[in-house]
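Here is the structure we will look at, set down as structure tokens.
Read the figures in this text as sums done on the coordinates, not as results from a lab. Remember, predicted model here, so these are calculated numbers, not experimental data. Neighbour counts are summed over all protein chains in view; Cβ atoms, including those assigned to glycine, are modelled from backbone coordinates with ideal geometry.
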Amino acid sequence: MRLKYEGFFEVPKGRIEVYEFLVDPRKFARALPGLKNVEVTGEGEFKVDLTINIGPLRGDATVTARFVEAREHSHAKVTGRGRGAGSTLDFTLTFIIDEINTGSKINWVFEGTVGGLAASIGGRVLDSIARNIINDVVNDLKNQLLNL
């Protein structure tokens, strides 16, 4: 099942500070629900262990991800693959950072493909759960940026 969500948020921080936060795997991973561990495995590459709770599916999962595009202080794109609880997720999350009078505006786009048991939950139910998870991640990133 394919998923796509997008939105934006604003923070009273400069583009450089926002960009450096978003491309730091350890800081970025703190926004993921159920985070157990994050390991930087290479330049711009990381592995995250977490506990997932997607409707009736619960269990441990591992996500491997890497920053595939980065234009200093303006654009970051991370791609990855998650596996756990009999399910898979291939995803891309893109951030575009624009300077505004009050700080920075961060536009984001999440695109993913869910497979396995999670895809069998049903389109409307999975869409609602996934939308809530993505919004929680983005809101957590925003809150972390606000508290820098």
*With everything on Cα atoms, drop me the angle between helix 123-146 and the longest principal axis of the chain, reported from 0 to 90° to the nearest 10.*
30
*Check each of the chymotrypsin sites (Phe, Trp or Tyr not before Pro) in segment 24-103 and keep only those in coil by DSSP with at most 15 other C-beta atoms within 10 angstrom; list them in order.*
none
*Count of lysine pairs in the chain with Cα atoms under 21 Å apart, counting only pairs 8 or more residues apart in sequence or on different chains?*
18
*Indicate the gyration tensor shape class of segment 24-70 (rounded, prolate or oblate), computed on the Cα atoms with a ≥ b ≥ c the square roots of the eigenvalues: a/c under 1.5 is rounded; otherwise a/b larger than b/c is prolate and the rest oblate.*
prolate
*Which FRET efficiency value, to the nearest 0.05, is calculated for Glu20 and Ser128 with the Förster distance at 30 angstrom and r the Cβ-Cβ distance?*
0.35
*Looking at segment 1-75, which GluC sites (Glu not before Pro) are DSSP coil and have at most 10 other C-beta atoms within 10 Å of their C-beta?*
Glu43
*With volume of the Cα convex hull per residue in Å³ in mind, check (1) 190; (2) 93; (3) 155 and report the label derived from this structure.*
(2)
*asked:* Please compute the modelled spin-label separation between Leu146 and Glu39, points set 7 Å along Cα→Cβ, answer in nm with one decimal.
replied: 3.5
